[in-house]
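Undergrad: Would you mind keeping the following structure in view while I ask a few things?
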Amino acid sequence: MSYQFDSRLAFAATIPAFWYFDPAMLAREQEMVFAHTWQLVGRSEQVAAPGDYFTTIIADEPIIVVRGADEKLRALSNVCRHRAGPVAEGAGQRKVLQCSYHGWTYTLDGRLHGTPEFEGVACFDKAENCLPEFRVAEWAGLVFVNLDNECEPLLDVLEDLPSRLLHQDLTAMKFALRKDWYIDCNWKTYVDNYLEGYHIPLVHPGLNRELDYANYRTETRRFYSIQHSPIKPNDHMRLRLSEDPAANETQFFWLFPNLMLNVYPDNYSTNLIVPLGPERTLTIFEWYFRDPESEAVQEKLRRTVEFSDEIQIEDIRICEAVQRNLHSRTYSTGRYSVQRENGVHHFHGLLQASLNLGCP
Ligand code: FES
Ligand SMILES: [Fe+2]
C-alpha cells in the first residue's frame with residue numbers, strides 16, 4: 001500500500017495502479033474515506049413532511065433518513081436491535097417504523113416502542129435499545145449523511161463553494177430526472193477522469209466544440225475543486241447560453257470523495273459515484289431545471305440528457321479501457337500534467353491523507 005504523495009505537482013507521481021483493483025484497497029477506502037465524509041443520500045423534498053422517510057446504504061451501513069414528528073430530520077440505523085432485521089424498506093410515510101422480521105416498532109426519532117411477546121426477558125431496557133443515529137445535514141435542497149459523529153459540519157467542509165455558484169440559485173431548480181450507469185471500472189478511475197479537462201479534445205469532440213478549451217482551468221480548495229470553462233458560441237450550440245453573458249460558463253464542482261455537481265446556465269446535475277466492487281461502479285445522475293414540468297423545459301431536458309449521455313458514453317469507454325490497462329505488468333504509476341491535472345493531484349493527496357489518518 002505504500003505510496004508517498006508529493007504535494008509539489010511537478011514532482012508528484014500518481015497513486016499506484018493496484019489501488020484501482022485491489023479488494024483490500026476498496027475495503028480500506030470504505031472504512032477510512034466513505035465512512036468519514038459527507039455523502040449525498042437524497043433530496044429534502046423526499047422527506048418534507050413528518051413521517052416521510054427513505055432508506056440508503058453508505059459504506060455497507062444501512063440507514064433510514066426520516067423526518068420526525070418534531071420536524072427534525074434524522075439519519076437512523078436501519079438495523080433492528082433485536083436480530084438485525086430491516087426497520088424500513090424503500091421509501092414512504094409512517095407514523096412509527098416497524099421491523100419487517102418480528103414486528104418491533106420504533107418512534108420516528110429512533111426510540112424502541114413496541115416489542116411483541118418479549119415479556120420476561122431479563123435485564124432488558126427499551127431505553128437502551130434505540131436505533132443509533134448518524135449525522136445528517138441539508139444544503140441547497142440536498143440531504144447528506146456522515147457516519148462519523150466527530151466529523152466537521154457539512155457547511156465547513158463546503159467552505160465557500162455555495163458562494164461560487166455563478167448566478168445560480170440551486171434551490172430555484174427542481175428535480176427532473178435520474179439516470180443510473182453501471183461501469184466496469186474502479187470508482188477512482190472515473191473520478192480521476194472527471195477531474196481533468198485534458199482529455200476533452202480527444203475523448204469528447206462534441207463537448208470540445210462547446211467549450212473554450214484554452215481558457216479551461218481548475219482551482220482546488222481544501223475538500224473540493226472547481227473546473228470552469230467559458231462556453232464558446234458556435235453554429236450548432238448544444239449548451240444553452242444565458243442572457244447574462246457573465247453566466248456563460250460551465251462549472252464542474254467535485255466534493256471529496258465522490259460527488260460531482262455540473263452547473264450550466266440553465267440547469268444543474270449531480271453525479272454521485274458509488275463503488276460497488278473493486279472494478280464495478282455505479283454513477284447516479286440527477287438533473288434539476290427551473291419549471292421541469294413545462295413542455296418547453298421537457299424538450300430542453302431531453303436535449304440536455306442526450307448530450308450528457310453522449311459525453312458519459314465517451315467517458316465510460318475510456319475509463320473501462322484504462323481500467324483494463326491498469327492491470328498491465330508494465331505499468332505501476334504515472335505523472336501529472338502541471339497545466340491540466342492539478343485536480344487529479346489534489347484528489348490523490350486527499351485520498352492519501354484519509355487512508356493514513358482516517359478523517360481528512
Ligand atoms: S429483528 Fe427486528 S423484530 Fe426481530
Ligand atoms: Fe470526460
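Undergrad: How high is the relative contact order of the range 131-221, in percent, with contacts defined as C-alpha pairs under 8 Å that are six or more residues apart?
TA: Contact order relative to length: 15 percent.
Undergrad: Take the alpha-carbon positions of the chain, form their convex hull, and give its projected area averaged over all directions (one quarter of the hull surface) in nm².
TA: Dividing the Cα hull surface by four gives the mean projection, 20.3 nm².
Undergrad: Still on this model: Explain nothing, just the number: relative contact order of the chain, from Cα pairs under 8 Å at least 6 residues apart, as a whole percent.
TA: After rounding, I find 21 percent.
Undergrad: Separate question: Could you please state how large a percent of the accessible area of the range 164-274 is carbon and sulfur, counting protein chains only and using a 1.4 Å probe?
TA: Exposed carbon and sulfur together represent 52 percent of the surface.
Undergrad: Moving to a separate point now. Using only the Cα atoms of the range 277-360, construct the convex hull and provide its projected area averaged over every direction, in square nanometres to one decimal.
TA: Spelled out: convex hull of the Cα atoms, projected over all directions, averaged, 9.0 nm².
Undergrad: Right, something else. What is the distance in Å between the Cα centres of the range 31-49 and the range 57-119?
TA: Taking the Cα centre of each part, the range 31-49 and the range 57-119 sit 17 Å apart.
Undergrad: May I have the extent of the alpha carbons of the range 11-81 along their three principal axes, as whole Å values ordered from largest to smallest?
TA: Here the spans come out as 53, 32, 15 Å, largest first.
Undergrad: Given the pairs Lys95/Lys300; Lys72/Lys300; Lys72/Lys188; Lys95/Lys126, which span a C-alpha to C-alpha distance of over 28 angstrom in this model?
TA: Among Lys95/Lys300; Lys72/Lys300; Lys72/Lys188; Lys95/Lys126, the Cα-Cα distance tops 28 Å for Lys95/Lys300; Lys72/Lys300; Lys72/Lys188.
Undergrad: Around Arg335, with a cut-off of 11 angstrom between Cβ atoms, what is the net charge of the other residues, counting Lys and Arg +1 and Asp and Glu -1?
TA: With Lys, Arg at +1 and Asp, Glu at -1, the net is -2.
Undergrad: Sticking with this structure for a sec: Which value, in debye to the nearest 20, gives the size of the charge dipole of the chain about its Cα centre, when Lys and Arg are +1 and Asp and Glu are -1 at the Cβ?
TA: 460
Undergrad: State whether the range 39-150 is rounded, prolate or oblate according to the following rule on the C-alpha gyration tensor (a ≥ b ≥ c being the square roots of its eigenvalues): a/c under 1.5 gives rounded; otherwise a/b larger than b/c gives prolate, and the remaining case gives oblate.
TA: prolate
Undergrad: Considering the dipole of the chain built from charges on the beta carbon (Lys and Arg +1, Asp and Glu -1) around the Cα centre, which of Pro230, Gly68, His102 is farthest to its positive end?
TA: Pro230
Undergrad: For the range 111-194, count the residues as N, evaluate 2.2 N^0.38 Å, and divide the Cα radius of gyration by that value, please.
TA: 1.78
Undergrad: Right, another one. In the chain, which longest range has no GluC sites (Glu not before Pro) that are both DSSP loop (not H, G, I, E or B) and surrounded by at most 16 other Cβ atoms within 10 Å?
TA: 160-242
Undergrad: Take the Cα of Cys123, step 7 Å along the line toward its Cβ, and report every residue of the range 68-98 whose backbone nitrogen sits under 14 Å from that point.
TA: none
Undergrad: Let me ask something else. Run the reach check for Lys174 against aspartates and glutamates, Cα to Cα strictly under 15 Å, same-chain hits fewer than 8 apart removed. What comes back?
TA: Within the straight-line limit of under 15 Å, Lys174 reaches these aspartates and glutamates: Glu45, Asp266, Glu286, Asp291, Glu293, Glu295.
Undergrad: Just add up the charged neighbours of Arg8: K/R +1, D/E -1, any other residue whose Cβ is under 15 Å from the Cβ of Arg8.
TA: -1
Undergrad: Right, here's the next one. Nothing charged except the Cβ atoms of Lys and Arg (+1) and of Asp and Glu (-1): what's the magnitude of the dipole of the range 41-140 about its Cα centre? Round to the nearest 20 debye.
TA: About 80 debye.
Undergrad: In addition: Between 0 and 90 degrees, rounded to the nearest ten: what's the tilt of helix 342-357 against the longest Cα principal axis of the chain?
TA: Tilt of helix 342-357: around 30 degrees.
The values are calculated or read from the model by the stated rules, or taken from the named source; none is laboratory data. Since the structure is predicted, the reported quantities are computational estimates derived from the model, not experimental observations. FYI the Cβ positions are ideal-geometry reconstructions off the backbone, even for glycines, and counts take in every protein chain you see. Ligands, DNA and RNA are excluded from the accessible area calculation, which covers all protein heavy atoms including side chains. Shrake-Rupley method; radii C 1.70, N 1.55, O 1.52, S 1.80 Å.
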